[in-house]
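The values are calculated or read from the model by the stated rules, or taken from the named source; none is laboratory data. What you see is a predicted model; the values in this text were computed from it and never measured. Counting neighbours? That spans all protein chains shown, and the Cβs are built from the backbone with ideal geometry, glycine included. What goes into the accessible areas is simple: the full protein's heavy atoms, side chains included, and nothing from ligands, DNA or RNA. Shrake-Rupley method; radii C 1.70, N 1.55, O 1.52, S 1.80 Å.
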Amino acid sequence: AVESAKGKYAHMLFNELFEDYSNALRPVEDTDKVLNVTLQITLSQIKDMDERNQILSAYLWIRQSWYDAYLRWDKDKYDGLDSIRIPSNLVWRPDIVLYNKADDDFSEPVNTNVVLRYDGKITWDAPAITKSSCVVDVSYFPFDSQQCNLTFGSWTYNGNQVDIINSLDSGDLSDFIEDVEWEIHGMPAVKNVITYGCCSEPYPDVTFTLILKRKSSFYIFNLLLPCILISFLAPLGFYLPADSGEKVSLGVTVLLALTVFQLMVAEIMPPSESVPLIGKYYIATMTMITASTALTIIIMNLHHCGSEAKPVPQWAKVVILDYMSKIFFVYDVGENCTSPKREKEEERRLEGDDGCQRRHKEVRSPLPNTNDDCNLKEKLSGNWNKSYGVHGENVRETVNCCSCYKMLIKNIEYIANCVRDHKANRAKGIEWKKVAKVMDRFFMWIFFIMVFFMSVLIIGKAA
């Protein structure tokens, strides 16, 4: 019975209120009086942040309240009925819109009900999915913070007709749904009064600044960490043996891998002049890898210097072979370290070479000269005649054998000279290979240090 009675009074109230009511005019008794509209924004969810197109999509609850001078009643006359809910299109509504809207759809607001109180206060709560333009600064991506403005104001009424008042000093974040990519660090509200060039009247607006902080874990594990691991492969190209044939291939492969990641970042970021931090890291790493590949080619040319090359300069022998080789622990070509066993084998080899040289001297020592040749013939003839009674023909044969022996010694000397020349040329090539190996170690540590400091610098921005 009570509900039916209230329903009866509500119908009666509605018919009496809207009998002569018009929602086309501003509901004030005096046209010179300002109508105050209280605005409150509740952020429910961030749907999307499109960095490339610089558009923020957000789900908002927009609450507007004002007083209508023509919609008042005495609640005692209507059995204590103090409020009713009616469609919003039946009453006058302020034309408050989002100034920086970036949506192609210019449809009307959601036609939700308004709450009408007996004193004429109207409260209109309307949900809205807004797309607003936001100037995105990606200089420190993926460790960046963004500030997006939501500016609300009347489209046709100036400040002398409709004034906007902040309900709170900031947007309401109590019902915000946690976002997977962005953290909300505040939503302060500021009222601005602007006088445009077309008109002399002031136009007030309320700007809500949404302060966002990007959660960088996703980008660290998917874009930054793979790049750091790949960049550490670049210095290892100097550690590869030159004869493997894979030094240049490794550098080119790493460069192509970084190019793929660079293109992935370029697809996300807007085409602006400000290069993101991760993009700078990619460019610096790619430049370093390009330089390492070029240096690898130069060092490979030094490695393959053969016997026709010039000897190693004296300053290179002192600086590179004597000092730098000890600093970077570079030993003979083909060795990684020394051991007592290897040293003993080296000593035995040297002793073997000395023995060969002594035997070679012993072979060379009985070489006769021209004068001794005749004496040798005479001695041989006399000895053969005395001992065995050999005739003159046998003596001639013996002398001819001595001539053959002399020619054999000359051939051995020629072969020995060729072997010495070959060893000298081979030693010269080994020196160039050792120079190349020392330079490989030097640039490997230099590039390792560069990659380390670049990685520390990029990770330090996250702190």
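For TYR99, the residues 5 or more places off, or on other chains, whose built amide H falls under 5 Å of its own are THR151, PHE152, GLY153.
Whenever you get a sec, line up ILE446, ILE299 from highest to lowest accessible area (probe 1.4 Å, protein heavy atoms). Please report the intermediate quantities before stating the final value.
Values: ILE446 65, ILE299 10 Å².
Heavy-atom accessible area, descending, gives ILE446, ILE299.
The length gained by stretching the chain between ALA128 and TYR239 to full extension, at 0.36 nm per residue less their Cα-Cα distance, is 33.9 nm.
Roughly speaking, to the nearest percent, how much of segment 7-214's 1.4 Å accessible area is carbon and sulfur? Mind showing how you got there, number by number?
Details: 5130 of 10900 Å².
After summing per-atom areas, the C and S share lands at 47 percent.
The modelled label-to-label distance for the pair HIS11/LYS77, using points 7 Å beyond Cα in the direction of Cβ, is 2.0 nm. According to the Kirkwood relation over distinct C-alpha pairs, the hydrodynamic radius of segment 7-214 is 18.9 Å. Collect residues whose amide H, placed 1.01 Å from N in the peptide plane, falls under 5 Å from the amide H of TRP182; neighbours closer than 5 in sequence don't count. Those lying under 5 Å, H to H, from TRP182 are LYS215. Taking a sphere under 12 Å around the Cβ of GLU16 and counting the other residues whose Cβ falls inside, with K and R at +1 and D and E at -1, yields a net charge of -1. Surface calculation, 1.4 Å probe, protein heavy atoms: THR195 sits at approximately 90 Å² accessible. Computed with every protein chain present, the accessible area of LEU321 is close to 20 Å² [probe 1.4 Å]. Ranking ARG72, ARG441 from most to least accessible surface, computed with a 1.4 Å probe over the protein chains only, gives ARG72, ARG441. Note on ILE415 and ALA266: the extension gain reaches 46.9 nm, defined as 0.36 nm multiplied by sequence separation minus the Cα-Cα distance.
Entry comment: accessible area of segment 12-122 is 55 Å² per residue, from protein heavy atoms only and a probe of 1.4 Å. Phi angles across segment 267-282 convert, under the Karplus curve 6.51 cos²θ - 1.76 cosθ + 1.60 with θ = phi - 60°, into 3J(HN,Hα) values of 6, 7, 7, x, x, 10, 6, 7, 7, x, 4, 5, x, 5, 5, 4 Hz, Gly and Pro given as x.
Annotation: MET300 carries an accessible surface of approximately 40 Å², with a 1.4 Å probe and no ligand, DNA or RNA atoms counted.
Summing Lys and Arg as +1 and Asp and Glu as -1 over all other residues whose Cβ lies under 15 Å from the Cβ of PRO202 gives a net charge of -2. Taking a sphere under 15 Å around the Cβ of GLN147 and counting the other residues whose Cβ falls inside, with K and R at +1 and D and E at -1, yields a net charge of -2. A dipole drawn for segment 7-214 from +1 and -1 charges on Cβ atoms has a positive end, and of ASN89, LEU173, ILE62 the residue lying farthest that way is ASN89. Extension gain, ASP104 to VAL193: 0.36 nm times the residue separation minus the Cα-Cα distance gives 29.3 nm.
Paramagnetic label reach from ASP48 (point 7 Å along Cα→Cβ; backbone nitrogen cut-off under 16 Å): within segment 122-155, residues 129-134. For segment 172-328, a Kirkwood radius taken over Cα pairs fed into Stokes-Einstein (25 °C, viscosity 0.890 mPa s) yields D = 115 µm²/s. Distant-in-sequence amide contacts of TYR203, defined by a placed amide H-H separation under 5 Å and a gap of 5 or more residues or a different chain, comprise GLY159, ILE194, THR195, TYR196. Calculate the length of the line joining the C-alpha centroid of segment 118-151 to that of segment 207-283, in whole Å. Using only Cα atoms to place each centre, the spacing works out to 33 Å.
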